[in-house]
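The values are calculated or read from the model by the stated rules, or taken from the named source; none is laboratory data. What you are looking at is a predicted structure, and each value in this text was computed from that prediction instead of being measured. Here the Cβ is made from the backbone with ideal geometry for all residues, glycine too, and neighbour counts use every protein chain on show.
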Amino acid sequence: MIRYQLFFAAALGCCSVASASITTSAVDDFSNTTNTATSEWSYRWSPDSVRDGDYPLLATNSDPATLWTPTTPYWNNGGSLPGVGVNQSGSAINISPPFLPFSWPTDTIWMHPPSTGFAVVTWTSPVTGTADIEFEFDDMDPNGAFANGVRWYVDVGDVSGSLANGSFVGGTGIMPMTVTDVAVNSGEQVHFIVDPFGDFSFDSTAFRATVTYVPEPASMALLGLGAASLFVTNRKSLCGPRAA
């Protein structure tokens, strides 16, 4: 009996450890090789301005128009825009001529929407639990100082689950923002969206996000109790019936 009690305590203790927070970064965990519907981070777009949570995946990772110097691949649909890419090089990457000069800072994601529709980075929750979401959108192209800028959104699912939204004009951006204690289900998606706001000129946007999530304790406890129950059952079968 004492042995079983000790195992139950150990199982519940494991649950406590398993429920520790986990942090994922859109920049650090960016993939140039994998972009699927089940990827924790995925790279998407929308051909229209409907925020319905149904955003197709960008199909190709390349630099189709040699947009950057040095050449840097990014997710696209075979043309230069829309595009989503990451600079993890440790130094700035420059836009190639004949475009007006500007730089892509290191340790940021570049997002540029199409003429209509959105550029989207999506985080898919691997657990049921709660999440703290920190994010930042900044204008990357100062040549658009007098353009209309972009709108940005952070949505859970569709427009009905909007966590935050705003806009900025060329040459500006937003300070890092955090939304805390967001309830998420396993497989639920958080979309970070850049909208051209009617005119997609000069809409290169630098983006960062980190998500710190904690699995639901009740779910972890059930897993621990299930493991303990399995242990007891197996022990009984191994020991056999007690002698009369």
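If a residue must be surrounded by 15 or more Cβ atoms within 10 Å (Cβ to Cβ) and farther than 13 Å from Trp123 by Cβ, how many such residues does the stretch 36-48 contain?
2
Does any residue of the stretch 172-193 turn out to be buried (at least 17 other Cβ atoms within 10 Å of the Cβ) and at pLDDT below 95? Give the derivation first.
Taking the stretch 172-193 first, the residues buried (at least 17 other Cβ atoms within 10 Å of the Cβ) are 173, 182, 184, 188-193.
After this cut, where a residue has to be at pLDDT below 95 as well, the list is 173.
Yes: one or more hits.
Let me spell it out: the conditions are (1) closer than 23 Å to Val184 by Cβ; (2) aliphatic (A, V, I, L, M); (3) at pLDDT below 90; (4) surrounded by 15 or more Cβ atoms within 10 Å (Cβ to Cβ), and Ala26 meets all of them except one. Which number is the exception?
In the conditions (1) closer than 23 Å to Val184 by Cβ; (2) aliphatic (A, V, I, L, M); (3) at pLDDT below 90; (4) surrounded by 15 or more Cβ atoms within 10 Å (Cβ to Cβ), Ala26 misses (3) alone.
Filter the stretch 33-60 down to residues that are assigned to a loop (DSSP other than H, G, I, E, B), within 14 Å of the chain's Cα centre (by Cα) and among the polar types (S, T, N, Q) and give me whichever is modelled with the lowest pLDDT.
The extreme case among them is Thr38.
Report the residue count in the stretch 168-213 for those that are part of a loop (DSSP other than H, G, I, E, B) and more than 15 Å from the chain's Cα centre (by Cα). Please lay out each step first, then the result.
Let us first name the residues in the stretch 168-213 that are part of a loop (DSSP other than H, G, I, E, B), namely 169-172, 174-176, 185-188, 196-204.
If we keep only those that are more than 15 Å from the chain's Cα centre (by Cα) too, we end up with 169-172, 174-176, 196-204.
So the answer is 16.
Taking the options Gly129, Gly170, Gly187, Gly157, name whichever one is among the small types (Gly, Ala, Ser), over 22 Å from Ser39 (Cα atoms) and touching a residue at least 24 places away in the same chain (Cβ under 8 Å).
Sole residue among the options that is among the small types (Gly, Ala, Ser), over 22 Å from Ser39 (Cα atoms) and touching a residue at least 24 places away in the same chain (Cβ under 8 Å): Gly170.
Condition check ((1) hydroxyl-bearing (Ser, Thr, Tyr); (2) over 17 Å from Ser204 (Cα atoms)) across all residues:
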| site | (1), (2) |
| --- | --- |
| Phe30 | no, yes |
| Thr34 | yes, yes |
| Thr38 | yes, yes |
| Trp45 | no, no |
| Asp52 | no, yes |
| Asn61 | no, yes |
| Thr71 | yes, no |
| Trp75 | no, no |
| Gly83 | no, no |
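If I filter the stretch 137-163 down to residues being within 27 Å of Glu216 (Cβ to Cβ), touching an Asp or Glu at 6+ places or on another chain (Cβ under 9 Å) and surrounded by 15 or more Cβ atoms within 10 Å (Cβ to Cβ), which single residue comes out as modelled with the lowest pLDDT?
Within the stretch 137-163, the first condition is being within 27 Å of Glu216 (Cβ to Cβ), and the residues that meet it are 153-163.
Subsequent filtering for residues that are touching an Asp or Glu at 6+ places or on another chain (Cβ under 9 Å) retains 153, 156-159, 161-163.
Now drop any that are not surrounded by 15 or more Cβ atoms within 10 Å (Cβ to Cβ), which leaves 153, 156-157, 161-163.
Numbers: Tyr153: 97, Val156: 96, Gly157: 93, Gly161: 88, Ser162: 94, Leu163: 96.
Per the stated criteria, the residue is Gly161.
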